[in-house]
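So the structure is just underneath, and the comments pick up after that.
Every number here is computed from the coordinates shown, using simple stated rules; none is lab data. Since the structure is predicted, the reported quantities are computational estimates derived from the model, not experimental observations. With ideal geometry, Cβ positions are generated from the backbone for all residues, glycine too; neighbour counts draw on all protein chains shown.
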Amino acid sequence: MSQILARLFPPQTRRPDEVVIEIGIVLSMLFLVYMLTRLKKWGWLWREWLTSVDHKKIGIMYLVSALLMLFRGGVDALMIRSQLALPNNHLLPVGQYDELFTTHGTIMIFFMAMPFLFALFNVAIPLMIGARDVAFPRLNAISFWLFAAGAILFNISFVVGGSPNAGWTAYPPLTELRFNPGVGENYYLVSLLIAGIGTTITGINFMTTILRMRAPGMTLMRMPMFVWTVLVTGALIVFAFPPLTIALLLTLLDRLFGSSFFTLGHGGMPMQFVNLFWLFGHPEVYIVVLPAFGIFSEVVPVFSDKKLFGYPAMVGSVLAITLLSYVVWVHHFFTMGAGPSVNAFFGVSTMLIAIPTGVKIFNWVLTMWGGRIRFTVAMLWQLAFIPAFLVAGATGVLLATVPVDYQMHNSYFLIAHFHLALIGGTVFGVLSGMYYWWPKMFGFMLNERQGKWAFWIFVSGFFVTFVPQYMLGFEGMTRRMYTYPAGLGWGPLNMVSTIGAFVQGLGFLVLVYNVLWSMRYGERDLTGDPWNGRTLEWSLPSPAPSYNFAVIPAVTHRDEWWEMKQSGKARAYKVKSSAIRPIHMPKRSAMPFFLGVSFFVVGFGMVFSWWVITIIGALGVIASLLFSAFDYNDSEEIDPEDVRRSEASLGRLEI
Amino acid sequence: MPKRQSTRWPYRWIPLAVIVSSLLSGCGQHYTILHPAGPVGQTELNLLVLASIAMAIVIIPVWILLAVVLVRFRDNPRHKGTYIPKWQRSKFFEVMLFVVPLIIVAVIAVPTVQKTYALDTLPRQKDPLIIHVTSLDWKWMFQYPVQHIATVNYIKIPAGVPVLFKLTADSPMNTFWVPQLGGMEYTMPGEVLPLWLEANKPGVYMGRSGQFSGRGFVHMVFKVDAVPRTAFNQWVHQVKTTAPSMSVAKYHALAHFGYAGAESFSSYPAGTFPTTSHGFTLTGSSPMVMP
C-alpha cells in the first residue's frame, strides 16, 4: 500500500506551490459538483453536452477546454519567465523548471492550439458549407472525448506520479528509463497517443464533410477560404500523425517493455526518433497555422466590406504550402550532420515556403486596399498578426539559411521565432475567430470596448516578451536553461521579457473578464448577421437551430450570402413553409463519452504499468465499440411541423 | 470611433521602436554571435547579415503599405480612399507577388547552398588538429588522438589552425557549441559527427551545450583556450609529463551522472571513442581514417 502511494505521490508532486494548486483543484471540483446538484443541472449536463453529437455543442466544449488549457499553459509560462527574470535565480525547486517547459510546450500545441482550432472547425464549417452536421457526427464526439481523455491524463501528471520533463520534443535517449525513471514520460507518450487518435479522426471527418456535404452549387472554387484551409489541414493531419504515433509507440515500448528502438545502447538509434518526430512536427506547424490563415481570409473581407483579393492565388498558395510542408522537416536538425546536400535541399525548400506565405499576406493587404476597414476586435487581432508574422517569417528564412542555423539552432532566437509564428499566427488567428464567430455560437456579442483593452494589453506584452528573446539568441542563450550566471549580459533582456509575459497574462485576464461580463450584459444578436457577413453561416439565426438549415440553400456564387443581400433579396433568410421537408438528424449517444472514459482508464493503467486497470479499460473500449457497431437506432427524423414552429418563432418563416 | 483613432498611432510604433533600439544595441560585446573570432563564425555572420538585409527589403515596405492602407481606407467619414468593393483580380499584382519573392529567395538561397558546402570542407592548405569530443552527463570529455592526451571541460587549441572535432555522446544528446568560433553540431550516441572550427587569434572562448540533456545541462560549459602554436606544443608536453593518466575506472566515473571541473590526463584508455559510425565525414584534406 505504502509502495503504491509512493508511486502515486513522489516528492515532485508535493512541492508547496503544487500542493496549493491541488487543494484549489479539489475545492473547485467540489464547488462544481455542489452547484450542479443544487441547480439540478446534472440531467441537463448529460443530455445537452456530455452525450451530444451536435457539431455546434462539440465546438463549444472544445472552446472551453482550449481556454482552460491556455490558462494552464500560460501559468506554466509565467513560472518559467519568473525563474529566468534574474541571473542565478533559485525561485523554483530544482527540476520543476524542466517539468514546466515540457508541460507548457505540450499543452500549448496539443491541448490548446489544436482544440481551439477544432472548436472553430466545428462551429463554422458545417454552417459555411450549408450542411446540417459533419459527415460522421458520432465520430466527431469520439474525437472530442479522446482529446479530453488525453488532456485530462496529461494534466493530472503533476498531481499524480509527476510531470514529464524531457521537453515537448522528448528526444531520446533522455526519455529512456535509465535517464528518466519516473512515470512522467509515460504520461506524455500515452496521453498524446490517445489524443492523437481523436485528432486523426477529426482530420478524416472534416475532409469527408467538406468533400461530400457541401450545399448544391458550392463548387470547390466557391468555397470560403476557411473551408479550403480546413480541407488541406485534414489532409495534413491524416498524413502527419502516423509518424508521430509510431515514434511515440516505439518510445513507449522502450520504456514499458525494454525494447531498444531509440536507446543509448543495444543498437538503438535515437536520431530516428528525431526524424520521425519532425516528419510529423513540421506539417503540424502548418496544421495549426493554415486554419488561422483561413480565419483571416474570412475576417479581412468582412471588415473591409470588400471581396477577398486574389482568391485563386490564395487557394494555390494554400496548396503549395501544404505540399512544401512535407519536404522541410530536416530543417529542425540541420545540426545533426546529414551532410551538405541534404541540408542545402531542405534549406532551399524551406525558403520556398516563404513565397506562397508572402503571397497570402500581400493578398490580405490588397483586400483591405479600396475597402472600408472597420476596426472591430476580430479585425484588430488580424492586423496585429500581419507585422508579427512578417517578423516570424523573415526570421524563419534566416533560420532556413543553413549556416546561420548552425549558430541559431536551439538558441533564444529560435524560441522568439516560433513564439512569434505560433502566437502571432495561431493564437491571434483563433482569438480573431473567437470574437468573429462568438455571436454565432452563443447568440450574444462580446463587448468590443473590453475586447480592445484585452487586445492592446496582450499584443504590447507579446512584443515586449519576444523581441528581446531574439537579442538573447545573439547573446548565445540557449533554450531550456533553468538558470544562467550573471556577467553574460543576459539579465536585463530576460527581465524585460518576463515583464512582457506578465503583461500578456494581464491581457488574458481582461479577455476572460470580457467573456464573463458579456455573458451577463452582452448585446443579444437578434439579426444573426451582426458583422454584415458574406458567407452562409450569417444567413442563419444566432445561435443556429439544431438542424442548422431548415432548407438547404442552393449556392450560385462565392460569398453567397453577401451576393444574396446585394441582389436585393434582403429577406433572403426567410424560409418557404412549403419547402420544409422532414429532417434526418443523428441521435445523441453516450458511447463517445464512455469510450473516452475507457481510454482514460487504459492510459492511466499503462502509465503506471498496472495492467489490471489497463485490461478493465480495454474491455470498456471494446464494449463501447461493439455497442456502437450494433446500435442501428442512431438517427431520427425531425417532423416538418416542429421545424416550421421553430422557424416561425425565429421570425424566419414565409407562409 | 474617431476618438479612438487619435490614440492608436503612438502604440503602433512601439514594436518597431523596440526592434530598432534592440538592433542598435546589438553592437555590445555580449552579442557573441555578432563578434566572431574565426572564419566559420565569420562566414555564418556574413550570411546572417545578407539574409537580414534581404528580408528587411521585404518586410519594411509591407509594414509601410499596411500603415498606409489602414489610414487611407479606415471606415470613417473623413477617409480619403476610394471604395472599390468588387476589385479582386489584378494580373500585374498576381505575377509580381510570385516573382519578387522568388528573386529575393534566390538572392539568399544561392550563397546559402555555396556556404553550406564550403563549411563542410576543411581548408586544404592547412593540417588540422583533431579532437575527439564525447558529451557525458553533465560534462565534456576531449581526447587528442594524435597527441594521446585527454581533458575535461576545457581544451587548448593552436590559433590559426583549423580544428576538426569529431563528436559523439555517451549520454543523452547535446550540441557542441562555441558561439564565437562558429555554429553547433549534435553529439549523439552511436554516431560520430564532424565539425571544423578555427580561432583567428589567441583568446579564451566559452563553449556550451545547446541541447537540453537533463537536470545538469546548464552546467555543461567548457573553455576553449586558443594559444600560439608553440605555447600549444608546450602545453601538450606539460600534460603528457605531469598529468595523471585516465584509467577505465576513471572513465566510468566520469560517465556517471555528476559535474566536474577542468581536468587533464596524460593518456586515456582505448575503446572509449567509437571506431565505427554511420555518421557523415567532412570532405577536403581531412584524414578519414579514425586513428
Study note, to complete from the structure: Given backbone amide H placed at 1.01 Å from N, residues whose amide H is under 5 Å from that of B:Met173, ignoring those fewer than 5 places away on the same chain, are A:Leu174
Study note, to complete from the structure: Using alpha-carbon positions, the gyration tensor of the range A:27-138 gives root eigenvalues a ≥ b ≥ c; with a/c under 1.5 called rounded, otherwise prolate if a/b exceeds b/c, else oblate, the class is oblate
Revision key, fill the gap. D (µm²/s, integer) via Stokes-Einstein for chain A, Kirkwood Rh across alpha-carbon pairs, 4 °C, 1.567 mPa s: value 50
Exercise for review: Enumerate the calculated ³J(HN,Hα) couplings along the range A:302-316 in order (Karplus 6.51 cos²θ - 1.76 cosθ + 1.60, θ = phi - 60°), each rounded to whole Hz, writing x wherever the residue is Gly or Pro.
Suggested key: 4, 8, 9, 6, 7, 5, 5, 6, x, 3, x, 5, 5, 4, x
Practice item. Could I have the simple spin-label model distance between A:Ser609 and A:Ala6, label points 7 Å from Cα toward Cβ, reported in nm to one decimal? Key: 1.5
Review point. With Cβ to Cβ distances under 11 Å as the rule, what net charge do the other residues near A:Val53 carry (K, R +1; D, E -1)?
Key: +2
Practice item. Sort out the exposed loop chymotrypsin sites (Phe, Trp or Tyr not before Pro) in chain B (DSSP loop, at most 11 other Cβ within 10 Å) and tell me the longest stretch that has none. Key: B:14-258
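Given chain B, what whole percent of its Cα pairs are spread farther than 33 Å? Walk me through the numbers before you get to the answer.
On the way: 17457 of 42195 pairs.
When every Cα pair of chain B is considered, 41 percent fall beyond 33 Å.
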Practice item. Kindly write out, for the range A:643-655 in residue order, the coupling ³J(HN,Hα) from the Karplus curve 6.51 cos²θ - 1.76 cosθ + 1.60 (θ = phi - 60°), rounded to whole Hz, with x marking Gly and Pro. Key: 5, 4, 4, 5, 5, 5, 5, 8, x, 10, 9, 10, 6
Check your understanding: Given H placed 1.01 Å from N in the peptide plane, which residues other than close sequence neighbours of A:Ile638 have an amide H under 5 Å from its amide H?
Key -> A:Ile583, A:His584, A:Met585
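Report, in debye and to the nearest 20, how large the dipole of the protein assembly as shown comes out about its Cα centre when Lys and Arg carry +1 and Asp and Glu carry -1 on their Cβ. Please report the intermediate quantities before stating the final value.
Working: 67 positive and 46 negative charges, 494 e Å.
The calculation lands at about 2380 debye.
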Review point. Residues with beta-carbon under 13 Å from that of A:Asp254, excluding A:Asp254: net charge, scoring Lys, Arg +1 and Asp, Glu -1?
Key: 0
Study note, to complete from the structure: Listing B:Val236, B:Val224, A:Val327, B:Val95 by rising number of other beta-carbon atoms within 10 angstrom, fewest first, gives B:Val95, A:Val327, B:Val236, B:Val224
Practice item. May I ask for the angle, rounded to the nearest 10°, between helix B:2-12 and the longest principal axis of chain B, with both axes built from Cα atoms and the value confined to 0 to 90°? Key: 20
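Pull up the DSSP beta bridges for the protein assembly as shown and report the antiparallel fraction as a percent, rounded to 5. List each step's numbers first, then the result.
Details: 35 of 51 bridges.
The antiparallel fraction comes to roughly 70 percent.
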Exercise for review: Once you've got the Cα coordinates, tell me which of B:Lys126/B:Lys240; A:Lys40/A:Lys452; A:Lys360/A:Lys574 are over 29 Å apart.
Suggested key: A:Lys40/A:Lys452; A:Lys360/A:Lys574
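Would you please calculate the Kirkwood hydrodynamic radius of the range A:357-497 over all C-alpha pairs and express it in Å, rounded to one decimal?
Details: mean 1/r = 0.0595 Å⁻¹.
About 16.8 Å, per the Kirkwood formula over Cα pairs.
Assign one of three labels to the range A:74-190, namely rounded, prolate or oblate, based on the Cα gyration tensor with a ≥ b ≥ c the square roots of its eigenvalues; rounded applies when a/c is under 1.5, prolate when it is not and a/b is larger than b/c, and oblate otherwise.
Values: a/c = 3.29, a/b = 1.94, b/c = 1.69.
Taking the square roots of the gyration eigenvalues as a ≥ b ≥ c, the range A:74-190 is prolate.
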